[in-house]
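Undergrad: The following block contains the structure, expressed as structure tokens.
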Amino acid sequence: MPTSPPRSGVATACAAALTLSALLTGAVAAQPAAAATPAGYQNVRINEVTSSGNDTVELYNTGPTAVSLSGWKTSDDSFSPQAFTPSSTTIPAGGFVTFNSPKGLGDADKLVLYTSDGTVVDRVEWATDAAKPALARCGGDGTGAWVVTTAATTFGAPNAPGCPSSAPASSRIRINEVTSNGSDTVELYNGGTSAVALGSWKYVDGDTAHTPVSLASSSPSATTVPAGGYVTFDSTLGLGDNDSLFLLDASGTSVDSVTWATDGAKPSAERCADGAGWFRTATTATPGGPNSCSGSGGGGGGGGQTGQLLGGGGSLTSGCTPEAPSGTGSAPAGTLAWPGGLDVTIADTVCAFTTSTGPEGRDLSGLAFDPGNPSVLWAVKNKNWLYKLVRSNGRWVPDSSWSASGKQIRFAGGTGRPDSEGLTVGGDGHLYVTSERDNTSNTAPKDTIMEFDPAATGATLTPLRQWDMTAQFPQLDTGSKDDANLGFEGVAYVPDSWLTANGWVDPRTGSAYAPARYPLHGSGLFFAGLEWDGTLHVYGLNSDGTYTTFGTVSTGKASVMDVLFDAGTQRIVATCDNTCGETHTLLKVGAGGAIVPDATYTNPAVMPTDNLEGFALAPVSTCANGSREAVWSDDGSYGFGSGTTSFGHALYSGTFPC
């Protein structure tokens, strides 16, 4: 089949012709050089578009570095490429840029985005009224499928608040693998729970002179994509270097797309994992089956999928005994790739958390940034130790002015050894720590939330108040230490202001949540994650030591290991370790007033698959170049195993979009 030439070929030929003409005529003035395709251009994606009002377009950068938009252009069905004026000439990593289309956009229209040298970056098409009020990527900015929004537009901000609570089944069809080495084979994958008929679906490549081609005319392996299944077909348009592929449903609305650089689809460009995340260059093509995910990265779409695990090293110290992970399970359907940077740094010194109450350097579990002082990261260890961590030479280390070796915590009255798993910083600046058991009697559950004053002096801390919810979970009280160990794993303080602003319905009353009904609870509620079944249990912690129960929230996952409220995304985040495929589920208040899952993301691919039980996101006040820090803790400090640079380390640091 014919192969499309690189998109920069025309510009290069024109520049060569001008130079030769100048030489023949004796001219010595320098001629303009062809504009170079900017690095990382494939990471910029059209993210939202409206064809009503100002015909606004939003771009999103999924990549790890900023990209210059200087000289970029757009076209539609009726006008040739035109320059536009973006809200910023550079789009930062994880950032948004908006502009008004230089020409009007209408019904049954399209928008094509080009670099200054004419390289096609992205393209979206829509049927009649599909872009009114807007057409947006849902399920992940820059990576999600195109869906007609039913709420207000969200230009310049994440799309999730404007996405419908339930997307059509067709939006779960994704381009999953593409080859451009002669066979020009395309693979589609259905990440949904129901089959999707391909009917009159079409596709088109990056050549804007081409019109969409019927998929049915391209010898598909089947006409329906089963749930969790694949369909392949051979492109009749010819796919080349620096090319693209765009998929349209039966109405003519875009569903998915991929763009790759030179040789990016040889032998193939593939999503890792299937149906989720961005494309990478594969060493082995696997059309019709699960992707190999064994390539070098840097294929297409949002750029490479491989990162580097940086740092580490050091020898194990006495009493430091890493523990291999257990409890491996699969990620929920529809899980998306990590939206932040691909590189991860080992962020602690080896065996940093060895203590006197356990012959090991492991069991660091819950993490929480201090919103009042973002340079402080709080951490809690299962064996009843609390740490105040600060940055030093790129690592998180115990703050020696607070305690160089951590502080022990006790239950109320100074008794026992809490099996402390999760912590959060409340609206009052105090630390709230969850415990599953008393480690002096670990066959009996003791699901409690304890309040500590971080300003208290002394090497041992006792709770100011303690709330015991053990009686609510009789399924954990079987005499088995394993069952007793499936209680409260994480906790998050969620401000009343967020709950009321988003229309949360109080399960106790069936009407809008009114904080004033509960005068002793403070300024927010606490969401405790139960490892047993992945539910969040909502409590008002009253100043008199009692508590009010506000029901449960389903995370859609089998377990929860940590919980946080993130003001940046305006979401509650429920984290699960390798039990659920190392995933983070963002939850929002849905249209009916209940808290529901919104999107789920994996960890960066470079990280080990371990019992990563702690997760924290830095406040947005720390943002730089469109990103902020994300930190994970390994409950077993196992890393990639004995002999690796990650062995004996508990903390990992990466980046997350602002």
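Undergrad: Please work out if Ala484 is without any contact (Cβ under 8 Å) to a residue 24 or more places away in the chain and open to solvent by less than 40 Å² (accessible area, probe 1.4 Å). Can you show your working first?
TA: On the way: without any contact (Cβ under 8 Å) to a residue 24 or more places away in the chain: no; open to solvent by less than 40 Å² (accessible area, probe 1.4 Å): yes.
No.
Conditions tested, residue by residue: (1) of a type outside the set (D, E, K, R); (2) in contact (Cβ under 8 Å) with a residue 40 or more places away in the chain; (3) out of contact with any Asp or Glu (no Cβ under 8 Å at 6 or more places or on another chain).
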residue	(1), (2), (3)
Gly182	yes, yes, yes
Val196	yes, no, yes
Trp201	yes, yes, no
Val204	yes, yes, yes
Pro220	yes, no, yes
Ala227	yes, no, yes
Leu237	yes, yes, no
Asp243	no, yes, no
Phe246	yes, yes, no
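Undergrad: Right, another one. Mind checking which residues of region 502-542 are closer than 20 Å to Ala471 by Cα and more than 30 Å from the chain's Cα centre (by Cα)?
TA: Arg508, Leu541, Asn542
Undergrad: Something else about it: Scan (1) farther than 21 Å from Leu486 by Cβ; (2) open to solvent by 20 Å² or more (accessible area, probe 1.4 Å) for the single condition Met607 breaks and write down its number.
TA: Exception for Met607: condition (2).
Undergrad: Name the single residue that is modelled with the highest pLDDT among those in region 167-201 being under 19 Å from the mean Cα position of the chain (by Cα) and open to solvent by 40 Å² or more (accessible area, probe 1.4 Å).
TA: Ranking the candidates gives Arg172 first.
Undergrad: Residues to consider are Pro474, Pro454, Pro463, Pro418; find the one that is of a type outside the set (A, V, I, L, M, F, W, C) and over 27 Å from Ala352 (Cα atoms).
TA: Among Pro474, Pro454, Pro463, Pro418, only Pro474 is of a type outside the set (A, V, I, L, M, F, W, C) and over 27 Å from Ala352 (Cα atoms).
Undergrad: What do you reckon, is Gly551 in contact with an Asp or Glu (Cβ under 6 Å, 6 or more places away or on another chain) and either small (Gly, Ala, Ser) or over 25 Å from Trp396 (Cβ atoms) (or both)?
TA: So Gly551 fails the test.
Undergrad: Any idea which residue in region 103-137 is nearest to Val258 (Cα to Cα), counting only those that are acidic (Asp, Glu) and open to solvent by 10 Å² or more (accessible area, probe 1.4 Å)? Please lay out each step first, then the result.
TA: If we filter region 103-137 for residues that are acidic (Asp, Glu), which is where we start, we get 107, 109, 117, 122, 125, 129.
Cutting the leftovers down to open to solvent by 10 Å² or more (accessible area, probe 1.4 Å) gives us 107, 109, 117, 125, 129.
Working: Asp107: 24, Asp109: 20, Asp117: 19, Glu125: 14, Asp129: 25 Å.
Taking the candidates together, the pick is Glu125.
Undergrad: Using the structure shown, decide if Val380 is surrounded by fewer than 24 Cβ atoms within 10 Å (Cβ to Cβ), of a type in the set (A, V, I, L, M) and under 21 Å from Leu612 (Cβ atoms).
TA: In short, no.
Undergrad: Can you name every residue in region 562-581 that is open to solvent by 10 Å² or more (accessible area, probe 1.4 Å), out of contact with any Lys or Arg (no Cβ under 8 Å at 6 or more places or on another chain) and assigned to a loop (DSSP other than H, G, I, E, B)?
TA: Ala567, Thr569, Gly581
Undergrad: Just to confirm my filter: which strands (runs of 3 or more DSSP E) fall fully inside region 588-658 and include at least 2 residues that are of a type in the set (Ser, Thr, Tyr)? Please lay out each step first, then the result.
TA: On the way: elements: 595-602, 612-617, 627-634, 651-657.
Hits in region 588-658: 595-602, 627-634, 651-657.
Undergrad: Something else: Would a scan of region 77-88 turn up a residue that is assigned to a strand (DSSP E or B), more than 30 Å from Ala195 (Cβ to Cβ) and touching a residue at least 60 places away in the same chain (Cβ under 8 Å)?
TA: no
Undergrad: List pairs: first residue in region 567-586 and without any contact (Cβ under 8 Å) to a residue 24 or more places away in the chain, second residue among the basic types (Lys, Arg) and open to solvent by less than 10 Å² (accessible area, probe 1.4 Å) anywhere in the structure, Cβ distance under 8 angstrom, at least six positions apart or on different chains.
TA: Between residues of region 567-586 that are without any contact (Cβ under 8 Å) to a residue 24 or more places away in the chain and residues that are among the basic types (Lys, Arg) and open to solvent by less than 10 Å² (accessible area, probe 1.4 Å), there is no close pair.
Undergrad: May I ask you to say which residue of Pro398, Pro418, Pro371 is under 34 Å from the mean Cα position of the chain (by Cα) and open to solvent by 50 Å² or more (accessible area, probe 1.4 Å)?
TA: Answer to the selection: Pro371.
Undergrad: Right, next: Go over the candidates Ser4, Ser70, Ser8 one by one and state the one that is under 37 Å from the mean Cα position of the chain (by Cα) and modelled with pLDDT of 50 or more.
TA: Ser70
The values are calculated or read from the model by the stated rules, or taken from the named source; none is laboratory data. Worth saying up front: this structure is predicted, and the values here are computed from it rather than measured. Note that we place each Cβ from the backbone using ideal geometry, even for glycine, and neighbour counts take in every protein chain shown. These area figures cover heavy atoms from the full protein model, side chains too; ligands, DNA and RNA do not enter into them. Shrake-Rupley method; radii C 1.70, N 1.55, O 1.52, S 1.80 Å.
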